[in-house]
Amino acid sequence: MSTETLEFQAEARQLLQLMVHSIYSNKDIFLRELISNASDALDKLRLESLVDKDLDADTSDLHIAIEADREARTLTVRDNGIGMSREDVVRLIGTIAKSGTAEVLAKLREAKENAELIGQFGVGFYSTFMVADRVVLTTRKAGEAEGTRWESAGEGTYTIEAVADAPQGTSVTLHLKPEDSEDHLYDYTTEWKIREIVKRYSDFISWPIRMTTEKTGEDETVEYETQTLNSMKALWARPRKEVEQSEYNDFYRHISHDWSDPLETIHMKAEGTFEYEALLFIPSRAPFDLFMREGKRGPQLYVKRVFIMEDAEALLPDYLRFVKGVVDAHDLSLNISREILQQDRQIQAVRRRLVKKILSTVRDLQQNDNEKYQTFWREFGRAVKEGLINDTDNQGAILEILSAASTHAEEGVTTLADYVSRMKDGQQHIYYMTGESRSMIENSPHMEAFRAKGFEVLILTDPVDEVWVERVTEFDGKPLQSIAKGQVDLESEEEKEAAKPEQEQRKKDFAELLTWMTGALSENVKEVRLSSRLTTSAACIVGDENDVTPTLEKMYRAMGQ
Ligand code: ADP
Ligand code: MG
């Protein structure tokens, strides 16, 4: 049978050039790409055989096999999936049909350092040329008699020929480049290296990935042992009802490196235009780096069970950075970059859904498992409150799950809803005071009139409280009001009417003193006023409605502003 030499399409040639010159720093991903293709081919065959009962194909033992030959320095990935016809090979492997390829290539050439840019489309099969100087692909389409052999050194042309005895499916053999150094870290023929890559990137592929290894027995006999390298447990893809909590917990520990069980497990699945599955965990305690700038954030991202990246921070807002887990999105490129993820409209839609689900899960805890809710708020409340500042869409939902200390009880916290339920007749506002500590706030002169009147005051002592109270105007129709700012009106209308004559008289009596004091203190205060808010203290300092509070002033100074 004759061998034909064909040319790669221009764009394919350019992409190959980039691969040969290794714009990617992480070469390991070639194996992920091959396994992903093999897995797709097995998925397709399974589907095809279900649809077409007459298809002459063997589906009895669908799997992926990896074979390494240390002497020959070859690595083969084999599948018994759908395979390709000769036309398929020319069309699928010889060209890049994806739109926008030219633009992406131009950008890539400009920014050789920025490997993540490549995420516009899958580099896929061509990534093999990062590690191989010759690649041979043999394939036979399920149901067809004749096979095809394709071979290339990645330099502009490839050869193609018919083969008579190819098994069903596809095998790709890489002739690995000479090793750069003695460094076995990069030896893709070693068993542990292959194991490591499979474990890291492809553990949850739902087909078995097998490898046969040689073992020399005691009496020098060579034995062969075939092992399955992946666990195949894509927990998130299984129906919730069929998964035990202990399995969820094991998986949580695997991805989080946390010893304890998660506080709550969230398993969701979306069908329709943008399909995805998410398996998220709320840990039972805050990580040490929750408030560190470099702390890890975001779940793992998978695309159809192929691992794409750790810490996909685009999938969750910062204030939910403690949530761990996996999001498996079905319609993304395997090489999607972080930058592109941030802008992707579908990812943003997924993110909105995840946030709503997490907040409603916490709300459920609050209503049905208060002990868990208390743990949640103690560990993560401080982070969640950042959302009141940045996530205006969900401000209402966050306010519902918010808790704070209050003068209502010596210990513990209250929700805003509970506060509102205890509001006195005629009380219009939700009163709060921010400060460094509970005792400072309780002993503040501002508190006196509120205590005397029996009004409850929220005690807010986290630095972030200073900021969110400025952004939140109301809860349940009740405006929030700092007791340390502006004129706080504690009198009812009748009380005011009754007190008027006396106040007028007092104003007259003290007018001279107040003018003198305002002058004497003009360096330090704006105005000296007669107060009705104090009962035992002689005087107190009150902020203007728009002034920064003392704690916030300190915080700004600490941040160097
Ligand atoms: P992608 O997987 O993103 O489509 P690839 O470069 O990885 O891009 O592969 C190109 C195409 O080649 C695939 O879409 C598929 O049709 C075909 N292909 C690659 N590997 C296999 C395989 N093992 N079995 C069948 N078809 C394959
Ligand atoms: Mg692919």
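The values are calculated or read from the model by the stated rules, or taken from the named source; none is laboratory data. Here the structure is a predicted model, which means the values were calculated and not measured. Neighbour counts are summed over all protein chains in view; Cβ atoms, including those assigned to glycine, are modelled from backbone coordinates with ideal geometry.
For the stretch 340-421, which fully contained helices (runs of 4 or more DSSP H) count at least 3 residues that are more than 23 Å from E442 (Cα to Cα) and touching a Leu at 6+ places or on another chain (Cβ under 9 Å)?
345-368, 370-384, 395-401
Out of the stretch 267-287, which residues are of a type outside the set (G, A, S), out of contact with any Leu (no Cβ under 7 Å at 6 or more places or on another chain) and assigned to a loop (DSSP other than H, G, I, E, B)?
The answer is E271, T273, F274, E275, R285, P287.
Would you say I23 is within 16 Å of ligand 2 (Cβ to nearest atom), within 22 Å of F307 (Cβ to Cβ), modelled with pLDDT under 85 and of a type in the set (V, I, T)?
No; evaluated as a whole, the condition is false for this residue.
Just to verify a result, which residue in the stretch 36-59, among those that are under 30 Å from R200 (Cβ atoms) and not aliphatic (A, V, I, L, M), is farthest from ligand 2 (Cβ to nearest atom)?
Top of the filtered list is T59.
Give me the residue from the stretch 28-52 that is within 16 Å of ligand 1 (Cβ to nearest atom) and at pLDDT below 85 and, out of that set, surrounded by the fewest Cβ atoms within 10 Å (Cβ to Cβ).
Ranking the candidates gives L47 first.
Could you pull out every one of the strands (runs of 3 or more DSSP E) wholly within the stretch 120-233 that has 1 or more residues that are within 16 Å of ligand 2 (Cβ to nearest atom), touching a residue at least 40 places away in the same chain (Cβ under 8 Å) and surrounded by 13 or more Cβ atoms within 10 Å (Cβ to Cβ)?
Where strands (runs of 3 or more DSSP E) fall fully within the stretch 120-233 and carry at least 1 residues being within 16 Å of ligand 2 (Cβ to nearest atom), touching a residue at least 40 places away in the same chain (Cβ under 8 Å) and surrounded by 13 or more Cβ atoms within 10 Å (Cβ to Cβ), they are 132-140, 147-152, 169-176, 209-216.
Return the pair list, or none, for Cβ contacts closer than 7 Å from residues in the stretch 50-73 that are over 16 Å from D40 (Cβ atoms) and among the basic types (K, R) to residues that are surrounded by 12 or more Cβ atoms within 10 Å (Cβ to Cβ) and at pLDDT 90 or above, at least 6 apart or on different chains.
So the pair list comes out as R70/T189; R73/H175; R73/L176; R73/T189.
Scanning for something within 16 Å of ligand 1 (Cβ to nearest atom), within 36 Å of the chain's Cα centre (by Cα) and modelled with pLDDT of 80 or more, does the stretch 95-114 turn up at least one residue?
yes
Against the definition (assigned to a helix (DSSP H, G or I) and either under 29 Å from S36 (Cα atoms) or touching a Gly at 6+ places or on another chain (Cβ under 9 Å) (or both)), how does L334 come out, yes or no?
Here the answer is no, as L334 does not meet what is asked.
State whether one or more residues within the stretch 441-458 are among the hydroxyl-bearing types (S, T, Y), in a loop (DSSP other than H, G, I, E, B) and modelled with pLDDT under 95.
yes
I'd like to know if the stretch 50-61 contains one or more residues that are within 23 Å of L334 (Cα to Cα) and either in contact with a Leu (Cβ under 8 Å, 6 or more places away or on another chain) or β-branched (V, I, T) (or both).
no
Return the residue satisfying two criteria in turn: it lies in the stretch 273-310 and is among the small types (G, A, S) and either modelled with pLDDT under 90 or over 11 Å from the mean Cα position of the chain (by Cα) (or both), and of such residues it is surrounded by the fewest Cβ atoms within 10 Å (Cβ to Cβ).
G295
Has the stretch 80-91 got at least one residue that is at pLDDT below 95, of a type in the set (A, V, I, L, M, F, W, C), within 16 Å of ligand 2 (Cβ to nearest atom) and in a helix (DSSP H, G or I)?
no
Could you grab me the full set of residues in the stretch 311-333 that are within 16 Å of ligand 2 (Cβ to nearest atom) and surrounded by fewer than 22 Cβ atoms within 10 Å (Cβ to Cβ)?
Across the stretch 311-333, the qualifying residues are H330, D331, S333.
All but one of (1) free of Cβ contacts under 8 Å to residues at least 40 places away in the same chain; (2) in a helix (DSSP H, G or I); (3) not β-branched (V, I, T) hold for Q427; state the number of the condition that does not hold.
Q427 satisfies every listed condition except (2).
Of all residues in the stretch 17-73, which are assigned to a loop (DSSP other than H, G, I, E, B), of a type in the set (D, E) and farther than 21 Å from A132 by Cβ?
Hits for the stretch 17-73 are D52, D54, D56, D58, D61.
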